[in-house]
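The structure appears below as structure tokens.
The values are calculated or read from the model by the stated rules, or taken from the named source; none is laboratory data. All values reported here derive from a predicted model rather than from experimental measurement. So basically every Cβ, Gly included, is an ideal-geometry build from the backbone, and we count neighbours across all protein chains shown. Remember, those area values only see protein heavy atoms, side chains included, never the ligands or the DNA or RNA. Shrake-Rupley method; radii C 1.70, N 1.55, O 1.52, S 1.80 Å.
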Amino acid sequence: MPSVRMRRLVAAVVCMAGLVAAGETSAQSMPGPVYYDLYERGAGDLAERMQRRLEPRADPDRGDVEDLLRRWERSTGGPRDSWDWLAVSRLWVRAGDADRAADALERAGEGIPDALRRLELARIGFLEGRDDATVHWWAACATATEESALEAWTDLVPLATPDEIEAWDRFRALPAGQRDDCAFFRRFLNRRAIASGLTPDARLEQHYRRLRHARDLYRRRGKETGTTTMRHGLPRSPAFDDRGTLYLRMGEPDRSASFQADECYEPNVTWAYEDPDGIRLYHLSSLGGTDDWWLLENLAGVFRCPVDPATGRIIRTRNPMVALSPVLPLIPAWLLADLYNSRSVLDPEYARMANRFDRNRTIEQLQIERNMTGADARTAIDGIPERPDVDLALNFDREWLQFRSPRPMQTRVWVNVELPGSEVEAVIRSGISPRLEAVLTLLDEDEEVLVTVPAEFDLDPAEASDPNAVLGLRIPAEVPPGRYATLFQVRFPASEDGRARGNFVADSLVVRDFGGALPLLSDIAVAPDSGGAWRPRPGLAMRPSPSHRTGADGVAWIYLEAYNMTPGGAYTARVRLQEAEAVGTDPPAFEQEYSGTAASGARILSPVILRLELNEVPAGDYELNVRLTDSATGVRTLDSRTRLVIPASVDARP
């Protein structure tokens, strides 16, 4: 019988092997002290059983946990200290029994680090759908220990890109005093919050719901993993098959399609996700297995019957080595055509591809398809493919407007949006409430500061029902100058099918710095007429349009702000209009100077409102430049530029 010292050594080595395998399945959830103690007491077999039940790819049910507890009782008398009860709590969480998990954690008491206790409270809370789950998760994050950080990463790593997995490994190699685990997790979740349009808390809640579902349906059961290049650098031994990877990152597919499996066709399915850039398709098959499904480069890879080179006839005997072999081009075109036509309901390109399959063009078409599926796989695996849960059917125009904020070192950023009345009228006619929800989200360049500004708008029923109306929305945010990732989403309440009518736009934005003492100008807001509901400053009101079109009479109203002009002093505003394609070359189509007086007193902000009569300017697309000169000092501002459109309906005379 091995000595006590040898058993301790074996236990320590085996346990650490599980804890450091982050590149494969990430940290195990078996508490090290429990594993060591069971080996110390001669119950190594039980320790191994418990560890297997707590691996990321495991999904024990209540019966499995009850069996483990009976074995524990028979072998060593059952759980006896805080670490033991923590292990029991984790087992019940994995089995989906929140009540018994909470009871076991209560028995653990204060004998475990607070970060581990808080993380387990969070897991139980997510399982029950409690509001305080995220509070416990972030509390565990703030006081993270070596083990609790590994535990949290175990839960999050299925979302990680290969680059993020490498970054985590480099990060963990730093001495404990030189790293901030919670800051790493916050940046990780902020990236997904800005992509999905959710808050970090809401994204956490969504992830744990999906994690529970994925463990039930998509955990990896077999020993083999996908071997094609579609893995894109993911761990060789993941906790989930590729269905789980896609589901955890993007949720349920928007649509799916399959082809009848038989002796020549492996079971197969294609998941389709709608995206503003077009449909993204993911071909999946068990490839001869029974449980795990993996991504395919070519849908043709599910065909597994050889072809007689002499006769071209199919030998209807399944051969798993036939897929994408050199004889594939000899497959009769009609076999691939039927298979590929089954995906035309998802993407019309597959119908065109099916029509091109013949002995001369099969290889060419398969390469085209590999390019398509490879790009989609890179989006899902190498990137962050999440998006807001809206149907992409609502069109709108959007622009950014930036002004100095009254708060020091801040810039006020407005997102200015217009929705065509025809879009809104169609939604309301379908019976959906005229209440419009919008969310503006900004994430700083360091991915540490996430600003979320929600807003609701009750649309006027008469105006919203007019297909010729244009409905405006404006949301402000105040942020420090810098570079930001942005997301703006707008939606009506979800319809009966569960998906909200709406749309979104993701972009990058450089927020200007309006500090300093030199005169300078804000962005320019353009309106086709006077009046409106937007009030950038007290006493001012207008209705700026992101389309920057003049009114039918050729008149445009512009608003901008001048900063650091001589208080109460005179200034001259030069307005110049030049064709967009001829900026800097041809003479301006319009140029005029306006006189004004800067705000007096200690104010450094001077509102500038100008009415431009452009009915003598030919219709077209122009660049509008505005520059102010301080009459007292002679100092000129840099030009503030924007686009201006004079529509063809204006009775212009060149």
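For the stretch 460-484 and the stretch 591-617, what is the separation of their C-alpha centers, rounded to whole Å?
Their Cα centres are 25 Å away from one another.
Can you order the peptides 170-178, 430-438 by their average number of other Cβ atoms within 10 Å per residue, highest first? Show your work: numbers first, answer last.
Values: 170-178: 10.1, 430-438: 15.0.
The packing order, highest mean first, is 430-438, 170-178.
If the viscosity is 0.890 mPa s and the temperature 25 °C, what translational diffusion coefficient in µm²/s does Stokes-Einstein give for the stretch 126-185 when Rh comes from Kirkwood over Cα pairs? Display every interim value, and only then the final one.
On the way: Rh = 12.5 Å.
My calculation gives 197 µm²/s for D.
May I ask you to give the percent of accessible area on the chain that is carbon plus sulfur, with a probe radius of 1.4 Å?
On the way: 14440 of 28980 Å².
Carbon and sulfur together cover 50 percent of it.
Within the P(r) computed for the stretch 588-638, what percentage of the Cα pairs occupies the region above 15 Å?
Above the 15 Å cut-off, the stretch 588-638 has 59 percent of its Cα pairs.
For the stretch 129-261, what number results from the quotient of the Cα radius of gyration and 2.2 N^0.38 Å?
Numbers: Rg = 16.1 Å, N = 133, 2.2 N^0.38 = 14.1 Å.
Rg over 2.2 N^0.38 Å, computed on Cα atoms: 1.14.
So what are the stretch 457-572's ellipsoid semi-axes, whole angstrom, largest first, if each one is the square root of 5 times an eigenvalue of the alpha-carbon gyration tensor? Working shown, then result.
Working: eigenvalues 207, 97, 29 Å².
Largest first, the stretch 457-572 gives 32, 22, 12 Å.
I'd like to check one number: the per residue accessible area of the chain, probe 1.4 Å, reported in Å² as a whole number. Present the calculation step by step, with values, prior to reporting the outcome.
Numbers: 28980 Å² over 654 residues.
That works out to 44 Å² per residue.
Explain nothing, just compute: Karplus ³J(HN,Hα) = 6.51 cos²θ - 1.76 cosθ + 1.60, θ = phi - 60°, for every residue of the stretch 467-484 in order, whole Hz, x for Gly and Pro.
Karplus values, whole Hz, x for Gly and Pro: x, 8, 7, 10, 9, x, 10, 9, 10, x, 9, 10, 9, x, x, x, 9, 10.
How high is the relative contact order of the stretch 487-574, in percent, with contacts defined as C-alpha pairs under 8 Å that are six or more residues apart? Could the numbers behind the result be given before it?
Working: 109 pairs, mean separation 21.9, N = 88.
For the stretch 487-574, the relative contact order is 25 percent.
At 7 Å along the Cα-to-beta-carbon direction for both A375 and D507, put a label point, then send me their distance in nm to one decimal.
A separation of 2.3 nm, rounded to one decimal place.
Using helices alone, I'd like the mean residue ellipticity at 222 nm for the chain: each DSSP H run of four-plus residues gives -39500 (n - 2.57), total over residue count, nearest 500.
On the way: 18 runs with 211 residues, N = 654.
Taking each H run of at least 4 residues, the total per residue is -10000 deg cm²/dmol.
What would the Debye equation give as log₁₀ I(q)/I(0) for the stretch 387-536 at q = 0.09, 0.20, 0.21 Å⁻¹, counting only Cα atoms as equal point scatterers?
Log10 I(q)/I(0), no solvent term: -0.32, -1.26, -1.33.
Contact order normalised by length for the chain, with contacts defined as Cα pairs under 8 Å and 6 or more residues apart; what percent is it? All intermediate terms of the calculation are to be shown ahead of the outcome.
Numbers: 1270 pairs, mean separation 50.7, N = 654.
For the chain, the relative contact order is 8 percent.
Convert each backbone phi in the stretch 456-464 into a coupling constant with the Karplus relation 6.51 cos²θ - 1.76 cosθ + 1.60 (shift: θ = phi - 60°), then list the ³J(HN,Hα) values in order as whole Hz, x for Gly and Pro.
10, 10, 8, 6, 5, x, 5, 5, 5
I need the phi-derived Karplus couplings for the stretch 365-376: 6.51 cos²θ - 1.76 cosθ + 1.60, θ = phi - 60°, integer Hz, Gly and Pro marked x.
Those phi angles translate into 5, 5, 5, 4, 5, 4, 4, 5, 5, x, 5, 5 Hz.
Give, in whole angstrom and from largest to smallest, the semi-axes √(5λ) of the equivalent ellipsoid of the chain, with λ running over the eigenvalues of the Cα gyration tensor. Could you put the intermediate results ahead of the total?
Details: eigenvalues 628, 265, 90 Å².
The answer is 56, 36, 21 Å, longest axis first.
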